[in-house]
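Asker: My questions all concern the structure below.
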Amino acid sequence: MSKAKLEYIWLDGYFPTQNMRSKTKIEENFSGKLEDCPIWSFDGSSTKQAEGNSSDCLLKPVAIFPDPTRDNGYLVMTEVLNPDGSPHETNHRAKIDDDDNDFWFGFEQEYFIMDNHTQLPLGFPVGGYPGPQGMYYCSVGGKNTHGRQFVEEHADICIAAGINFEGINQEVACGQWEFQIFAKGAKNAGDQVWVARYILDRLTESYGYYIEYHPKPVKGDWNGSGMHANFSNSLLRNAGSKDVYEAVCEAFRPVAKEHIAVYGEFNDQRLTGLHETASIHDFSYGISDRGASIRIPIATVERGWKGWLEDRRPASNGDPYKIAGRIVKTVKSAKIEATA
């Protein structure tokens, strides 16, 4: 009789930045299939999701991945439900209006690797600074590259887990890295980003590191961290029209504040108009413009206006469920008939 370890992962009730929580359920003769993962519960009073006198919250499994780091292990992403089975108010996955998976997302997750002992990004000396930006981006060699072994191990685990992991690179600031996730379906994309983050955070326990998702952890002339959201739906993939793309982009203009509200805490420190960002107070879009709010990739134009858009505003600590949900809502609101 075999025993499987199912790691149930959920998002807590902290606001505005939710944290991952997890605990292990042992199941006998587990099939490895999502439909055979039982509903479970947890103490919501310990995660700001319930009161102590009525503390049970439910965990509904929504995605499952093999866990390459544990014998007979699985990573189970879950939604939080109320005791009556309705979505908890902190469950933003359930609010995404993309049940047909028409929306595709590619998230570019930037982050800093921090040393537990120094409380500084890798490569930062105690009491000072490393050399200025310029030589760290996509660098090679021990002088400018910090944390490669850790990053490579994270990539290997994600790939072995079946996450659609698309790449890694060192970023512009010292000790800053990025990984990319692509998935068809807004909910699926969020699931994969959260599980990849979980693997990343758990891996730090073996290295004496921690991950800093704050969008501007190092003040001054250093790049902040974002989570650029590349997105498309059947309209954008097949449009063949500049007018359609401009109509979609314009749909974002009147709801810019609503997007910023769910794009991550402290994002005002990153979206300054400098360091490859647009100002948080402005909205703009442009072809191949990394200083715009939304970039129209040159590849989209070269394919005859068939492709995707990149929203460059989301912060590294943003919730991909909230981000995707807001983007889906805005794209669906675009007035296409009048301009196509």
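Asker: What FRET efficiency comes out for the pair D71/D43, r = Cβ-Cβ distance, R0 = 41 Å, nearest 0.05? Mind dumping the intermediate values first?
Answerer: Details: r = 28 Å, r/R0 = 0.67.
It comes to 0.90.
Asker: Can you find, among W10, C37, L59, the residue farthest towards the positive end of the dipole of the stretch 7-66? Put +1 on the C-beta of Lys and Arg, -1 on that of Asp and Glu.
Answerer: Of W10, C37, L59, it is W10.
Asker: In deg cm²/dmol and to the nearest 500, what is the mean residue ellipticity at 222 nm of the chain if only DSSP H runs of at least 4 residues count, each as -39500 (n - 2.57), divided by the residue total? Numbers along the way, then the final one.
Answerer: Values: 7 runs with 73 residues, N = 340.
After summing the helix terms and dividing by the residues of the chain, the value is -6500 deg cm²/dmol.
Asker: For every other residue with a beta carbon closer than 14 angstrom to the beta carbon of S41, add +1 if it is Lys or Arg and -1 if Asp or Glu, then tell me the sum.
Answerer: Working: positive: R21, K23, K25, K60; negative: D43, D56, E79, D84.
It works out to a net charge of 0.
Asker: Below 8 Å, C-alpha to C-alpha, sequence gap of six or more: please give me the relative contact order for the stretch 233-340 in percent. Can you show the working numbers first?
Answerer: Working: 161 pairs, mean separation 38.6, N = 108.
Once normalised by length, the contact order is 36 percent.
Asker: Can you tell me the dipole magnitude for the stretch 191-249 around its Cα centre, using point charges on the Cβ only (Lys, Arg +1; Asp, Glu -1), in Debye to the nearest 20?
Answerer: Values: 6 positive and 7 negative charges, 9 e Å.
My answer is approximately 40 debye.
Asker: Going by a ≥ b ≥ c, the root eigenvalues of the Cα gyration tensor, does the stretch 204-340 fall in the rounded group (a/c under 1.5), the prolate group (a/b larger than b/c) or the oblate group?
Answerer: Prolate, because a/c is 1.5 or more and a/b exceeds b/c.
Asker: Now for a different question. Evaluate E = 1/(1 + (r/R0)^6) for Y137 and D84, where r is the Cβ-Cβ distance and R0 equals 45 Å; express this FRET efficiency to the nearest 0.05.
Answerer: On the way: r = 50 Å, r/R0 = 1.12.
The calculated FRET efficiency here is 0.35.
Asker: A further question follows. Tell me, how many Å apart are the Cα centres for the stretch 144-165 and for the stretch 15-52?
Answerer: The stretch 144-165 and the stretch 15-52 have Cα centres spaced 25 Å from each other.
Asker: Roughly how many whole Å is it from the C-alpha centroid of the stretch 116-139 to that of the stretch 245-270?
Answerer: 31
Asker: Related question: Which ³J(HN,Hα) values, rounded to whole Hz and listed in residue order, are derived for the stretch 187-199 from phi using the Karplus coefficients 6.51, -1.76 and 1.60 in 6.51 cos²θ - 1.76 cosθ + 1.60 with θ = phi - 60°, glycine and proline given as x?
Answerer: Once rounded to whole Hz, the list reads 5, 4, 4, x, 4, 5, 5, 5, 5, 5, 5, 4, 4.
Asker: Can you give the FRET efficiency for K184 and Q149, using 1/(1 + (r/R0)^6), R0 = 35 Å, r = Cβ-Cβ distance, to the nearest 0.05?
Answerer: 0.65
Asker: May I pose another question? Would you pull out the residues with amide H under 5 Å of I287's amide H, same chain only if 5 or more places away, H placed 1.01 Å from N?
Answerer: I296
Asker: Still on this structure, I have one more. Take N101, project a point 7 Å from its Cα along the Cβ direction, then tell me which residues of the stretch 1-33 have their backbone nitrogen under 17 Å from it.
Answerer: Under 17 Å, as judged by backbone N against the label point of N101, lie 33 of the stretch 1-33.
Asker: For a quick check of your reading of the filter: which trypsin sites (Lys or Arg not before Pro) in the stretch 1-95 sit in a DSSP loop and have no more than 10 other Cβ atoms within 10 Å? Each step should come with its number before you reach the end.
Answerer: Working: sites: K3, K5, R21, K23, K25, K33, K48, R70, R93, K95; in loops: K33, K48, R70.
In loop regions of the stretch 1-95 (DSSP not H, G, I, E or B), the sparsely surrounded trypsin sites (Lys or Arg not before Pro) are K33.
Asker: On to the next question. Probe of 1.4 angstrom, ligands and nucleic acids ignored: what's the accessible area per residue over the chain, in square angstrom?
Answerer: Numbers: 15030 Å² over 340 residues.
Computed with neighbouring chains in place, this is 44 Å² per residue.
Asker: While we're here: So I have [x] 151; [y] 175; [z] 159, and one of them is volume of the Cα convex hull per residue in Å³ calculated from this model. Which one is it?
Answerer: [x]
Asker: Now a separate question. Suppose a student asked you for the relative contact order of the chain, using Cα pairs under 8 Å spaced at least 6 residues apart; what percent would you report?
Answerer: Numbers: 728 pairs, mean separation 56.4, N = 340.
Reported relative contact order: 17 percent.
Asker: Right, something else. Report, in debye and to the nearest 20, how large the dipole of the chain comes out about its Cα centre when Lys and Arg carry +1 and Asp and Glu carry -1 on their Cβ. Walk me through the numbers before you get to the answer.
Answerer: Working: 35 positive and 47 negative charges, 96 e Å.
Taking the Cα centre of the chain as origin, the dipole is about 460 debye.
Asker: Going toward the positive end of the dipole of the stretch 128-238, with +1 on Lys and Arg Cβ and -1 on Asp and Glu Cβ, which of I199, G185, N238 do you reach last?
Answerer: The residue sitting farthest along the positive end of the dipole is N238.
Asker: While we're looking at this one, here's another question. Run the accessible area of the chain with a 1.4 Å probe and give the carbon-and-sulfur part as a rounded percent.
Answerer: Details: 7300 of 15030 Å².
Reported share for carbon and sulfur atoms: 49 percent.
Asker: What is the local net charge at E276, summed over the other residues whose Cβ is closer than 9 Å to its Cβ (Lys, Arg +1; Asp, Glu -1)? It would help to have the intermediate numbers written out before the result.
Answerer: Numbers: positive: R290, R312; negative: none.
Overall, the nearby charge balance is +2.
Asker: While we're here: Is there a quick way to get the dipole size of the stretch 122-216? I mean about its Cα centre, with the Cβ of Lys and Arg at +1 and of Asp and Glu at -1; what is the value in debye to the nearest 20? Before the final figure, lay out each step's value.
Answerer: Numbers: 7 positive and 10 negative charges, 35 e Å.
With only Lys, Arg, Asp and Glu charged at Cβ, the dipole is about 160 debye.
The values are calculated or read from the model by the stated rules, or taken from the named source; none is laboratory data. Computed from a prediction, not measured in an experiment: that's the story for all the values here. Backbone-built Cβ (ideal geometry, glycine too); neighbour counts: all protein chains shown. Accessible surface areas use protein heavy atoms only, side chains included; no ligands, DNA or RNA. Shrake-Rupley method; radii C 1.70, N 1.55, O 1.52, S 1.80 Å.
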